[in-house]
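Take a look at the structure below.
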Amino acid sequence: MEIFVNGAPRHLPDDLADPTLPLLWALRDLLGLTGTKFGCGVAACGACTVHLDGEAARSCVVPIGAVRGRRVVTIEALGSAEAPHPLQRAWVAHQVPQCGYCQSGILMAAAALLARNRRPSDAEIDAAIDNVCRCGTYPRLRAAIRSAA
Amino acid sequence: MKRRALLVSGLGAAGALVVGWGLLPPRERIGAVDALPVEAGEVGLNGWIKIAADGAVMLAMNRSEMGQGTHTALAMLVAEELDVALARVRLVAAGADRLYGNVVTMVTGFPFFHPRDTEPGRETAPARAGQWVVAKIARELGINVTGGSSSVVDAWDVLRLAAATARARLVGAASIAWKQPAGEIVVVDGVVSHPAGSSAHYGELARMAAATPTGEVRLKRREDWRLIGTAAPRIDAAAKSDGSARFGIDIRLPGLLYAAIRHCPMLGGSAGAVDVAPALALAGVERVVRLGPYGGSTAALAVVGRTWWHAQRGAAALKVEWQQRPAGALDSDAVMAHLEERARAAASGGGGFAFHSRGDLVRADAAAAQHVEQTYRAPYLAHATMEPINCTARVAGGKVEVWAPTQVPGLARAIAADVAGVAEAAVTVHVTYLGGGFGRRLDVDFVGQAVRIALETGGRPVQLIWSREEDLGHDFYRPAAVTILRAGLGADGLPQTLRITSAGDAITPRWLERGIPALAGPVDTPDKTTSEGLFDQIYAIPHQRIAHVATLSGVPVGYWRSVGHSHNAFFVESFVDELAHAAGRDPLDYRLALLADAPRHAAVLRLAAERAGWPGQGRSRPLAPGRARGVALHESFGSIVAQVVEASIEGGRPRVHRVVCAADIGSVVNPGIVAQQIEGAVIFALSAALHGHIDIAGGVVRQTNFPSYPVVRLAEAPVVETHLVDSTRGPGGVGEIGTPPLAPALANALFVLTGKRLRELPLRL
């Protein structure tokens, strides 16, 4: 099977590419894209958030059978070292991450929000970012999203 | 030397033991160069510091980064004394040498002296002697622990001295080479120069410096600091914003296999007959491994697969006859009833271990104008670190390699050696970033499991990952507690007597049993963590008895961010609020009246009150309609924190809008990280205060994932402000100190709103 990840077609080994295999594990265990994280497995925490055709999606519950012909973007392609995404700059400027584990998912959710809503209100930010962060980086990530909006 | 000799002679058997081990002056913690291996082009200057060919400073990093910012803070100490930019400090993993052990966790954890006895510069003789003996033992044991909010406290003198010593030798080398007095040589960002024109970077001087005697070493004066005390950006922020930071779960090795796990759902139970055929019939499943209990875990089955999803699907397909724990099914309601019974019996009979006693309670109680007695409760809690529990292991050619997000690499090494049946010298532990620790990763059950599985994979590495369900169902939980508080108030409304009798499991004896069996005694010794925050409460109350009944519930218990303080602060600071109400006084004024001889605590409390706009304090600020304030003050890990919570009730549920924090943490290394930690600790505590409880029925934990173990998310997160008191004392702890005051400050605000006193966590209206 082939899926389209970060701008390139990627081949998945036929013996493991069960169409019900969640995208998360195809990314992490078959393609080595470990920036997308496993947190709960039931789409409840958002650590595994990626973009699917530009929309935020929780990859732990998206089967690879459902992403054929669609564009998957992960944290690895949100920006680059030379040209980070404005949110990534804001993340460093506001010193958001602590342990950092949930941050990929939050950044992907926030980037999808800003792509469809340039100036989200607090309520819109709250609604779009319902990810879990156990370190409690919420006040800073809110400030970072506002500054990048 | 003379004073030490006197102390030792007064210590009897313990003293003799210490003399036998030999004296070890603090300076020896700088260590010898052979503790820190060098590669081509590098030059070691002591056990902590080596210099790279390009002049960069390489620091042996012995502490785990789990979000608390310790990698940045420790690198700052070294950058300061060596006069290099923070970016010029490179971290290298510290090895297993006991030099890298943690002295402070043991010194603050084992002898339980009242804070009044350990006030720096005013320590009592027994406290000083006790701390000295434990420090000696801690250095000999060299157990490497990242926990107890101790990393900066432990490193403060050692790393600054190691860096200053290295700098003195580098400057000394330049002085000899250039035939110029050392006092005329300056260092700017690792470049050493003399006004006469000579100049060289550290890399060019290192080899000569290694052969140069240290000479006189002085730490920088506080007024000369240019980095310590600044909010320098964290060194890990960029990697944690672009997905490149490597956590344990991100380790990728050639031929890597993945393992999923199913523990017996009943805590402490085991697996009987297993039908493995349905699992092995699935594509991508390689094998099934039976796991006994490791490091305190419940028995389990692991399934090895080619991706974690394939392994997990295999684990779900196993048909297992699970067996209940021989001592009977655990039940949290039964535990709570038992704790209450034990606390009640001890409270009426003067039982439990008295961690603190003073005055004459019987006489003072008889003279009291009124008495207040209440019972408080706290449930079991899970850690729920964002990075699920995991460990990667490879066993090949008699060697064991482990990649683990762990707070205790030495214990990881020990269990790996034990499980693989090899000497510890044959085990290498690589500590990765930790996706949260909060105390869960002070246990190494998952390391033992991973190594056991790796014994079955023919030399291929295997990565064990627990599902979230396994994590919540098989944690080492924050112990449940029941506490009875009774005070006798004088005619002025202030407490003359305080009796606190708490009951709950002790963590430390259980942790030693499963992690360091050689240190676990045949009989449990009193564990300070059961009573911390109670026996050392700071209010001036002349007659006290603070006792704890240590129970053995059978539920696996562990250290949870702020440990005993996490619930004991709720008990004491809610109860003091009750006393203020009984006395008809403002809760802030009431506390200040009890802090007449505790000026640091009073200053912190006033600062929080002023910044929160508390009536009568500074610029008092009226509240929005429907809102109320509550206050709490608590000392933990050598730091003092006050919080004022501004709350309302929305849709029948508590809503926290703003938390104003003031803290005296002594010297501040990085105020930005301190603010980050306090914000995070407040939100961690808010999750527990509003939502947190683990319930056990029939031996099975009922909470399975975030939907049934909810935590605070963005929409529920308050604004958090942090204000620090200027201080020239040595540093106190940071990572945990923001957690304890939140629940009582919130409960006290809810009392103002509803008139109802909530005495059980989580807080339910």
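The values are calculated or read from the model by the stated rules, or taken from the named source; none is laboratory data. As the structure is a computational prediction, the values presented were derived from the model and not from experiment. As a convention, Cβ positions derive from the backbone with ideal geometry for all residues, glycine included, and neighbour counts pool all protein chains shown.
Screening residue A:47 against (1) assigned to a helix (DSSP H, G or I); (2) surrounded by 24 or more Cβ atoms within 10 Å (Cβ to Cβ); (3) within 10 Å of chain B (Cβ to nearest Cβ) leaves a single unmet condition, (1). Residue B:454 falls short of the stated requirement of being in contact with a Lys or Arg (Cβ under 9 Å, 6 or more places away or on another chain), surrounded by 17 or more Cβ atoms within 10 Å (Cβ to Cβ) and without any contact (Cβ under 8 Å) to a residue 40 or more places away in the chain. Considering A:123, A:83, A:93, A:77, the condition of being facing another protein chain (nearest Cβ under 10 Å) and either acidic (Asp, Glu) or farther than 27 Å from residue B:716 by Cβ (or both) is satisfied by A:77 alone.
Within the set B:35, B:53, B:85, the sole residue that is of a type in the set (A, V, I, L, M, F, W, C), modelled with pLDDT under 95 and surrounded by fewer than 21 Cβ atoms within 10 Å (Cβ to Cβ) turns out to be B:35.
Just a yes or no: is a residue in the stretch B:205-213 over 27 Å from the mean Cα position of the chain (by Cα), away from chain A (no Cβ under 13 Å), of a type in the set (Gly, Ala, Ser) and farther than 25 Å from residue B:75 by Cβ? Checked against the condition, which is being over 27 Å from the mean Cα position of the chain (by Cα), away from chain A (no Cβ under 13 Å), of a type in the set (Gly, Ala, Ser) and farther than 25 Å from residue B:75 by Cβ, the stretch B:205-213 yields at least one hit. Contact map, the stretch B:543-567: residues that are at pLDDT below 95 paired with residues that are crowded, with 24+ Cβ neighbours inside 10 Å, Cβ distance under 6 Å, separation 6+ or inter-chain. No pairs are found.
Matching residues to (1) in contact (Cβ under 8 Å) with a residue 24 or more places away in the chain; (2) in contact with a His (Cβ under 7 Å, 6 or more places away or on another chain); (3) over 25 Å from residue B:760 (Cα atoms); (4) more than 14 Å from every other protein chain (Cβ to nearest Cβ):
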{"position": "B:338", "(1), (2), (3), (4)": "yes, no, no, yes"}
{"position": "B:361", "(1), (2), (3), (4)": "yes, yes, yes, yes"}
{"position": "B:368", "(1), (2), (3), (4)": "yes, no, yes, yes"}
{"position": "B:372", "(1), (2), (3), (4)": "yes, no, no, yes"}
{"position": "B:393", "(1), (2), (3), (4)": "yes, no, yes, yes"}
{"position": "B:438", "(1), (2), (3), (4)": "yes, yes, no, no"}
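Look at (1) within 19 Å of the chain's Cα centre (by Cα); (2) not in a loop (DSSP other than H, G, I, E, B) and you find that residue B:148 fails only one, number (2). Might you check whether a residue that is part of a helix (DSSP H, G or I) and over 17 Å from residue B:249 (Cα atoms) occurs anywhere in the stretch B:386-408? Taking every residue of the stretch B:386-408 in turn, none turns out to be part of a helix (DSSP H, G or I) and over 17 Å from residue B:249 (Cα atoms). Out of all the residues in the stretch B:170-181, is one or more part of a helix (DSSP H, G or I) and hydroxyl-bearing (Ser, Thr, Tyr)? Yes: one or more hits. Just one of the listed residues (B:505, B:492) is over 25 Å from residue B:331 (Cα atoms) and charged (D, E, K, R), namely B:492. Among the residues of the stretch B:236-268, those identified as under 19 Å from residue B:300 (Cβ atoms), within 11 Å of chain A (Cβ to nearest Cβ) and either among the basic types (Lys, Arg) or part of a helix (DSSP H, G or I) (or both) are B:248, B:249. Within the stretch B:713-749, the residues that satisfy the criterion of being in a loop (DSSP other than H, G, I, E, B) and farther than 25 Å from residue A:106 by Cβ are B:725, B:726, B:727, B:728, B:729, B:730, B:731, B:732, B:733, B:737, B:740, B:741. How many residues, within the stretch B:222-235, are more than 7 Å from every other protein chain (Cβ to nearest Cβ) and surrounded by 15 or more Cβ atoms within 10 Å (Cβ to Cβ)? Going through the stretch B:222-235 one residue at a time, the tally reaches 7. Could you tell me whether residue B:273 is within 14 Å of another protein chain (Cβ to nearest Cβ) and among the aliphatic types (A, V, I, L, M)? Considered against the rule, which asks whether it is within 14 Å of another protein chain (Cβ to nearest Cβ) and among the aliphatic types (A, V, I, L, M), residue B:273 comes out as no.
Scanning the stretch A:24-42 for residues being within 12 Å of the chain's Cα centre (by Cα) and more than 9 Å from chain B (Cβ to nearest Cβ) gives a total of 1.
Report whether or not residue B:19 is at pLDDT 95 or above, among the β-branched types (Val, Ile, Thr) and assigned to a helix (DSSP H, G or I).
Judged against the criteria, residue B:19 is not a match.
Taken residue by residue, the stretch B:479-498 has no member that is modelled with pLDDT of 95 or more, within 14 Å of chain A (Cβ to nearest Cβ) and crowded, with 22+ Cβ neighbours inside 10 Å. Of the helices (runs of 4 or more DSSP H) lying entirely inside the stretch A:65-149, those carrying at least 2 residues that are touching a helix residue (DSSP H, G or I) at 6+ places or on another chain (Cβ under 6 Å) and crowded, with 23+ Cβ neighbours inside 10 Å are A:86-93, A:103-116, A:138-148. Checking B:139, B:90, B:122, B:128 one by one, the residue that is basic (Lys, Arg), surrounded by fewer than 24 Cβ atoms within 10 Å (Cβ to Cβ) and closer than 30 Å to residue A:135 by Cα is B:90 and no other.
For the stretch B:300-317, the condition holds for no residue, the condition being that it is away from chain A (no Cβ under 14 Å), under 33 Å from the mean Cα position of the chain (by Cα), modelled with pLDDT of 95 or more and surrounded by fewer than 21 Cβ atoms within 10 Å (Cβ to Cβ).
In contact with a Leu (Cβ under 8 Å, 6 or more places away or on another chain), surrounded by 22 or more Cβ atoms within 10 Å (Cβ to Cβ) and of a type in the set (Ser, Thr, Tyr): is that true of residue B:433 in this structure? Criteria not met by residue B:433.
Condition check ((1) in contact (Cβ under 8 Å) with a residue 24 or more places away in the chain; (2) hydroxyl-bearing (Ser, Thr, Tyr); (3) at the interface with chain A (Cβ under 10 Å from one of its Cβ atoms)) across all residues:
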{"site": "B:702", "(1), (2), (3)": "no, no, no"}
{"site": "B:707", "(1), (2), (3)": "no, no, yes"}
{"site": "B:724", "(1), (2), (3)": "yes, no, no"}
{"site": "B:732", "(1), (2), (3)": "yes, no, no"}
{"site": "B:746", "(1), (2), (3)": "yes, no, no"}
